[in-house]
Amino acid sequence: MDKPCTLLVHFDKGSAAMANEIKADLEGSDVAAKVEAMKRAVMLLLNGETLPTLFITVVRYVLPSEDHTIQKLLLLYLEIIDKRDAAGRVLPEMILICQNLRNNLQHPNEYIRGVTLRFLCRLSEPEVLEPLVPSILENLEHRHHFIRRHALSAISAIYRLPHGDQLIPDAPELVERALASEQDASARRNAFLMLCLCGQERAVAYLFSNSERVTEWPDLLQMAAVDLIRKVCRSPNRADKGRYIKIIISLLSSPSTAVVYECAGALVSLSSAPTAVRAAANNYCQLLTSQSDNNVRLILLDRLNELRTAHRDVMVDVVMDVLRALSSPNLDVKRKVLDLVLDLLTPRNVEEVVLYLKKEVVKTQSGELEKGGEYRQMLVQAIHACAVEYPEVAGSVVHLLMDFLGDTNVAAAVDVVLFVREIIETNPKLRVSMIQRLSDTFYQIRASRVCSIALWILGEYSLSLSEVESAITTIKHCLGDLPLFTLSEEGETADSSKPTQPMVNSVTVSSRRPVVLADGTYATQSAATEAISTPPVTAGSSASTLNLRSLILSGDFFLAAVVACTLTKLVLRLEEVQSSKIEANKACTGALLVMTSILQLGLSSYLPQPIDNDSYDRIVLCVRLLCNTGDDVRKIWLQSCRQSFAKMLAEKQFRETEEMKAKSQISHAQPDDLIDFYHLKSRRGMSQLELEDEVQDDLKAATGGFSKETDDANRLNRILQLTGFSDPVYAEAFVTVHHYDIVLDVTVINRTKETLQNLCLELATMGDLKLVDRPQNYTLAPESSKQIRANIKVSSTETGVIFGNIVYETSNVMERSVVVLNDIHIDIMDYISPATCADVTFRNMWAEFEWENKVAVNTVIQDEKEFLNHVIKSTNMKCLTPP
């Protein structure tokens, strides 16, 4: 069994020679050598050495020393050594120690008295403590608070021992008297804690008699008072609940932030009245803005989140206070704040919230914020969520966000363009202004993915003649002069946008990498970057506006195919809205010229990597379509794409609604649950808060709010029988898996009529499992039970096995008996639960990890959908794609 000690230091194993050295140093007169020898002795004892011959040396040469360091090390030594023999009797040499301890308790030096009293808190031998009790009690009235403080701790520790009430029968009474006259904060706290543990009625009486002065108590004592209130109010009979709540509310004005935090938590656990919850929430919000430590802020946000799950209606009122925490520079705090706020949105506060988020977005432009790009991305996602839930606020933010389409943080720009795509479909009123704005800001976009989505939006939602013409002009402007490259007389290739400049200092660097496209297929992306001494300039357009040209010339043919499709849609729509055939044909010819230029570039040797087959086929299809258009094809290109997108949004909305329903707690009240009708009760002497509390309790009882959140049936499924019913010891285990920890709660029942001694649950593991705890010995009375907890660490997802046995002794059999346990098979699959994540998040993670294992499938299932469902069921996963 582990020996109790307050000092744990790693130290190498000792030897006989080392023990002799220690002995020699202790017998010498050099104080420094004695201190070092005592330290080595303590370390050796902690590492399992016995040093049996050292005790007498310590008694003879160390006990008489007056040096404070030696005296403190002596007490550590006495704490570690075995004080009982094999039969459990106290060793006779301990009587020598008793006299020394008594002398120390009467020592003129306060420090010696204090550390000795502190040492007595860790002694558990009544035979040693009994002769010291009178000296301990004398120290209660010592003039120095350091000694009184430790005397109170010693009395508390002795009284809590198995037969401590026989050693100091009147301890609670003595401590209560000491508490009434004590002035020192720590001593008062120790006395009050002793009463809380050993004489709860006296502690409650003291608290009530000083209820008016609780606010003047030192914070140590206030914390102890809050702990007492929590403890008392857990009992079924809570007659004075109103008085306790009154004390808690008065302590909320304490200058100590720790006391305020504890009071807010206690208040919520005591009362579910809106007034109490509001007071707790306000205090949490004040602490959130006043505390600079990020860990404290994260804990406070967790508390506020807990309040939201149980009291959302009250929390809605403090949403603006929570938002103030966005001033924290830490991104984790900001993320948690935004998640909490999004769960508290209502039609009343959404405009205020969005306005605040807009101001934060503007702040990120200044460049002063560290990680401003990531923060802006979080804000965009939050505003997106607000606008999806409350479309009426989209108009106030969408134009501001469109300024960030050219953001250097590509992820933030992608979020903005996805937001624009969704809002333009769900808010038809904003369509005209958004298309105009997109045409104006399109040249700022630098990222290929953002360009392709923006082009799709222009192609789908440019409906009027002016919008279509503006979109075509914008695309042509961003492509620059055609053709995209020319063949010079010398047979060299050159970009046609720089006709007058020689190819000086030009370098082409090409790189290839696999990417996952939006439909889940793979493509090889090639990038060729050019470094040229002077930037290319075309007539009437600067290099900065030719974003499409530079991306296509870098080898991005996927984007080139999107350009071709967008121009095709725009030309088809122009033919519908344009009365003049000549203008429509002119636009069609321009689009065909762009497409043939792209194909010419792709098939040339100008770029190190030629055009991929998918993009080539798609551009050729667009060329054929513009040369020969049928009504069916026109309908597919101009209507079906938007209809599919609208369907996808509806599916997404439906899934989110279903998830919300699944998350909401379903609680059922039992038919025989008691409901108190507070209207029929006597209300005399009850405060407003107590009345509110009664109403809330009645509502909870009626709606099943008090029912347990844990699924008891699910718990029963995880109970494993470890021994047989006929075994002398019956054992069963409940297995809990949490991340990398497995916790076994083993219930052991003594089925015999005898006391089982030194009962030990010995476990071992196979696979990547590791036991954390050392087994302990227990004594089990006849027909009694014991709960034993074992912690196991998991280092991989491989299946592991836990096996072992229960060993015990009985008084009439000298040998140890063994009961072998059933094996416990830990299959991690049982503990994987289905989850969801956004499509964008999934793609980012997939690209980041860049892993893919090809698995050969051997199955009798013929249908793909059936096989997918089989995989989902087998792996406890969820298919993210809608059916």
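Scan segment 404-419 and give yes if some residue there is in a helix (DSSP H, G or I), in contact with a His (Cβ under 7 Å, 6 or more places away or on another chain) and open to solvent by less than 10 Å² (accessible area, probe 1.4 Å), otherwise no. Yes: one or more hits. Within segment 730-774, restricting attention to residues that are of a type in the set (Lys, Arg) and in contact with an Asp or Glu (Cβ under 9 Å, 6 or more places away or on another chain), the residue that is farthest from residue 800 (Cα to Cα) is 753.
For (1) outside any helix (DSSP H, G or I); (2) at pLDDT below 75; (3) open to solvent by 100 Å² or more (accessible area, probe 1.4 Å), each residue gets a yes or a no:
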{"position": "782", "(1), (2), (3)": "yes, no, no"}
{"position": "791", "(1), (2), (3)": "yes, no, no"}
{"position": "806", "(1), (2), (3)": "yes, no, no"}
{"position": "847", "(1), (2), (3)": "no, no, no"}
{"position": "859", "(1), (2), (3)": "yes, no, no"}
{"position": "862", "(1), (2), (3)": "yes, no, yes"}
{"position": "865", "(1), (2), (3)": "no, no, yes"}
{"position": "881", "(1), (2), (3)": "yes, no, no"}
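Total residues in segment 744-758 satisfying the condition of being of a type in the set (Lys, Arg) and either in a strand (DSSP E or B) or under 41 Å from the mean Cα position of the chain (by Cα) (or both): the figure is 0.
Checking the stated criteria, residue 401 turns out not to satisfy the condition of being in a loop (DSSP other than H, G, I, E, B), touching a Phe, Trp or Tyr at 6+ places or on another chain (Cβ under 8 Å) and at pLDDT below 90.
The number of residues in segment 252-266 being within 26 Å of the chain's Cα centre (by Cα) and either of a type outside the set (A, V, I, L, M, F, W, C) or farther than 17 Å from residue 299 by Cα (or both) comes to 4. Return yes or no: is residue 450 surrounded by 21 or more Cβ atoms within 10 Å (Cβ to Cβ) and at pLDDT 85 or above? Taking the combined requirement at face value, the residue satisfies it. Evaluation of residue 422 against the conditions (1) buried (at least 22 other Cβ atoms within 10 Å of the Cβ); (2) touching a residue at least 60 places away in the same chain (Cβ under 8 Å) shows that the sole unmet condition is (1). Applying the condition of being part of a helix (DSSP H, G or I), farther than 16 Å from residue 150 by Cα and open to solvent by 40 Å² or more (accessible area, probe 1.4 Å) to segment 89-114 and asking which residue is modelled with the highest pLDDT yields 103. Within segment 832-868, the set of residues being within 27 Å of residue 648 (Cα to Cα), in contact (Cβ under 8 Å) with a residue 24 or more places away in the chain and of a type in the set (A, V, I, L, M) comprises 835, 840, 847. Only residues that are part of a loop (DSSP other than H, G, I, E, B) and surrounded by 14 or more Cβ atoms within 10 Å (Cβ to Cβ): list them for segment 598-627, please. Once the filter is applied, which keeps residues that are part of a loop (DSSP other than H, G, I, E, B) and surrounded by 14 or more Cβ atoms within 10 Å (Cβ to Cβ), segment 598-627 yields 604, 606, 607, 608, 609, 610, 611, 612. Annotation note: of 356, 375, the sole residue that is of a type in the set (Phe, Trp, Tyr), in a helix (DSSP H, G or I) and open to solvent by 20 Å² or more (accessible area, probe 1.4 Å) is 356.
Does segment 143-150 include one or more residues that are touching a Gly at 6+ places or on another chain (Cβ under 7 Å), of a type in the set (Val, Ile, Thr) and buried (at least 19 other Cβ atoms within 10 Å of the Cβ)? Among the residues of segment 143-150, at least one is touching a Gly at 6+ places or on another chain (Cβ under 7 Å), of a type in the set (Val, Ile, Thr) and buried (at least 19 other Cβ atoms within 10 Å of the Cβ), which makes the answer yes. Of the helices (runs of 4 or more DSSP H) lying entirely inside segment 155-203, those containing at least 2 residues that are under 44 Å from the mean Cα position of the chain (by Cα) and surrounded by 23 or more Cβ atoms within 10 Å (Cβ to Cβ) span 185-198.
Here residue 851 passes the criteria (1) more than 21 Å from residue 656 (Cα to Cα); (2) at pLDDT 75 or above; (3) assigned to a loop (DSSP other than H, G, I, E, B) except the one numbered (2). Of all the listed residues (87, 24, 37), the sole one being within 52 Å of the chain's Cα centre (by Cα) and farther than 24 Å from residue 131 by Cα is 37. Once segment 204-223 is narrowed to residues that are outside any helix (DSSP H, G or I) and of a type in the set (S, T, N, Q), the residue that is farthest from residue 184 (Cα to Cα) is 211. Can you report the number of residues in segment 233-246 which are at pLDDT 80 or above and either among the basic types (Lys, Arg) or surrounded by fewer than 19 Cβ atoms within 10 Å (Cβ to Cβ) (or both)? Number satisfying all stated conditions: 2.
Of all the numbered requirements in (1) assigned to a helix (DSSP H, G or I); (2) open to solvent by 80 Å² or more (accessible area, probe 1.4 Å); (3) not hydroxyl-bearing (Ser, Thr, Tyr), residue 230 misses one, and that requirement is (2).
What about residue 665, is it farther than 18 Å from residue 452 by Cα, open to solvent by 60 Å² or more (accessible area, probe 1.4 Å), within 29 Å of the chain's Cα centre (by Cα) and modelled with pLDDT under 85? The answer is yes for residue 665. Among the numbered conditions (1) open to solvent by 50 Å² or more (accessible area, probe 1.4 Å); (2) more than 44 Å from the chain's Cα centre (by Cα); (3) closer than 25 Å to residue 63 by Cβ, the only one that residue 124 does not meet is (2). Just one of the listed residues (69, 57) is farther than 23 Å from residue 150 by Cβ, hydroxyl-bearing (Ser, Thr, Tyr) and either modelled with pLDDT of 85 or more or in contact with a strand residue (DSSP E or B) (Cβ under 8 Å, 6 or more places away or on another chain) (or both), namely 57. Pairs meeting the criteria (first residue in segment 375-398 and at negative phi and among the basic types (Lys, Arg), second residue at pLDDT 80 or above and part of a helix (DSSP H, G or I), beta carbons under 8 Å, at least 6 apart or on different chains) are 376/361; 376/364. Which one of these is farther than 23 Å from residue 818 by Cα, surrounded by fewer than 18 Cβ atoms within 10 Å (Cβ to Cβ), without any contact (Cβ under 8 Å) to a residue 60 or more places away in the chain and among the small types (Gly, Ala, Ser): 724, 767? It is 767.
The values are calculated or read from the model by the stated rules, or taken from the named source; none is laboratory data. Not measured: the values here are computed from a predicted model. Reconstructed Cβ throughout: ideal geometry from the backbone, glycine too, with neighbour counts over all protein chains shown. The protein model used for the area step is the full one, side chains on, heavy atoms only, and it has no ligands, DNA or RNA in it. Shrake-Rupley method; radii C 1.70, N 1.55, O 1.52, S 1.80 Å.
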